[in-house]
Amino acid sequence: MNRRYFLRLCGKTLAALGFAHLLPVQAAAASGTAIRTPRQIITKDIARSRTILWDAPELPATARVELRRGDAVRSFDAAYEWLDLPGGEGLYHYHTTVGDLTPHTSYAYRIRMDMEQTDWLPLTTEAGDDAPFSALIYADSQCSDFSILQNFLDVTMQRHPSAAFFAIDGDLVDNGELASYWTNFLDVLSPYASRTPFAPVMGNHECYGADWNNTLPKGYCSAFAVPENGSTRFPRYYYSFDCGAAHFIVLNTQFQELDGLRPGLHAEQLVWLKADCRASQKTWKIVLMHKDVLAYDEWQPGTGHDGGISDVGNAFMAAFDALGIDLVLTGHMHTYRNRGHIFAKKPANHGPFYIMSGPAGDQRYHVPPDTMYDRHAMRQDNASDFRNYLVLDVDSRKLAVTCRQENGTIIDRVNLEQSR
Ligand SMILES: [Fe+2]
């Protein structure tokens, strides 16, 4: 029995048993061939709106999304952006945001371009307000073999079918300017992101050009129309959104890569971060950003030593303490580390809890433990099961973070309780 036949047999069996919702759809999911990689992207409030994106090689007369609830169908015209990256054919990226949605409701949507259309795909809104939810956090999906990422998403997304959204905490692809990486990545992502909202985070690899020098992240910014941040210099570089009782803040840690090309990213984010945090009334404030607050064995310019707090840590940690951030989730080092409240001064006024996780892809690093800060480190001597991900379980009082390996083994669990 070959693999394709086996997967088809599994699919038929799941459908016969009434578990069809667990099956990934094909990337195009269309009766035609022009509509590629449909995906739902996170919006400011995923209980009430959603952004739908897709790619196409052509510019049709009409491009729109139809949203169905019962017999009522609403239509939303799409905007497009043309992107031509090295090694690719050039693609139009289409996007539109469907709004005025009712929380805790099942919709269906389909994409239409002239005479072509996708199948109806599910779009489910969260309950909103402070309703409990779960979410999946991946990191570092960069791959040389994308079938590995596909298998990882297959196994883990089916393990948690009710996740409100999933995020990848940076380094989505190995090179952000080569078209083939984005084509392969979006082909793998689409079966899941077409039915579960996706929250992207920009990593340093999204800022590498085809010649491996630093470049502006055109591929990332075109692929993901994330919520607006009000910036004219750095739109789509950083953003925030709400889910249940949590306010998520997606920061950009790529100062080193981008300052020579477009300076000012760190200073602009600090101003935005303070305003964004203070405007939110949500119980939990959770930061997602790619690079970690510890340097491990990397040399830190200006400090005269290796390791300790990284340049990214020095750039943000004081602000996190001052703004009452509860949890900071990072990637970049391709391993799991629990560091607790690094700057805990007293129990009633501690800084955020810091957790690093990943990878989701096939790039394996060996990272020495930080003997001062690491409380729990995943063993790295198991070459076959080093991939890991986080499950967030959130309500208005409790926030649980569970790190699991691909096979489901729990590596660590952190429980935070709201005290304010
Ligand atoms: Fe990285």
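Among the residues making up region 80-104, a single one is within 15 Å of residue 68 (Cβ to Cβ), under 23 Å from the mean Cα position of the chain (by Cα) and assigned to a loop (DSSP other than H, G, I, E, B): 101. Residue check: is residue 220 within 16 Å of the ligand (Cβ to nearest atom), in a loop (DSSP other than H, G, I, E, B) and touching a Cys at 6+ places or on another chain (Cβ under 9 Å)? Answer is no for this residue.
Residue selection: residue 282 satisfies the criterion of being away from the ligand (no atom under 16 Å from the Cβ), closer than 30 Å to residue 418 by Cα and assigned to a loop (DSSP other than H, G, I, E, B). Condition (residue is free of Cβ contacts under 8 Å to residues at least 40 places away in the same chain, assigned by TED's automatic domain parsing to the domain that holds residue 265 and open to solvent by 10 Å² or more (accessible area, probe 1.4 Å)) applied to region 196-205: is it met by at least one residue? No: zero hits. No other residue among 306, 326 is under 14 Å from residue 367 (Cβ atoms), charged (D, E, K, R), open to solvent by 10 Å² or more (accessible area, probe 1.4 Å) and more than 15 Å from the ligand (Cβ to nearest atom) apart from 306. Per the listing 300, 254, the residue uniquely free of Cβ contacts under 8 Å to residues at least 12 places away in the same chain, at negative phi and touching a helix residue (DSSP H, G or I) at 6+ places or on another chain (Cβ under 8 Å) is 300. Does region 165-182 contain at least one residue that is open to solvent by less than 10 Å² (accessible area, probe 1.4 Å), within 30 Å of residue 281 (Cα to Cα) and among the charged types (D, E, K, R)? Yes, the conditions are met somewhere in region 165-182. Checking each residue in region 138-147 for being more than 15 Å from the ligand (Cβ to nearest atom) and either surrounded by 18 or more Cβ atoms within 10 Å (Cβ to Cβ) or closer than 20 Å to residue 288 by Cβ (or both) picks out only 146. Of all residues in region 307-340, those satisfying the criterion of being charged (D, E, K, R) and more than 21 Å from residue 376 (Cα to Cα) are 311, 321. Looking at this structure, is residue 111 open to solvent by less than 60 Å² (accessible area, probe 1.4 Å), in the same structural domain as residue 190 (by TED's automatic domain parsing) and either at pLDDT below 95 or not small (Gly, Ala, Ser) (or both)? In short, no.
The values are calculated or read from the model by the stated rules, or taken from the named source; none is laboratory data. Everything quoted here is computed from the prediction, not taken from an experiment. Heads up, the Cβs are rebuilt from the backbone with ideal geometry, glycines too, and the neighbour counts pull from every protein chain shown. When the accessible area is computed, the model is the full protein with side chains, heavy atoms only, and any ligands, DNA or RNA have been set aside. Shrake-Rupley method; radii C 1.70, N 1.55, O 1.52, S 1.80 Å.
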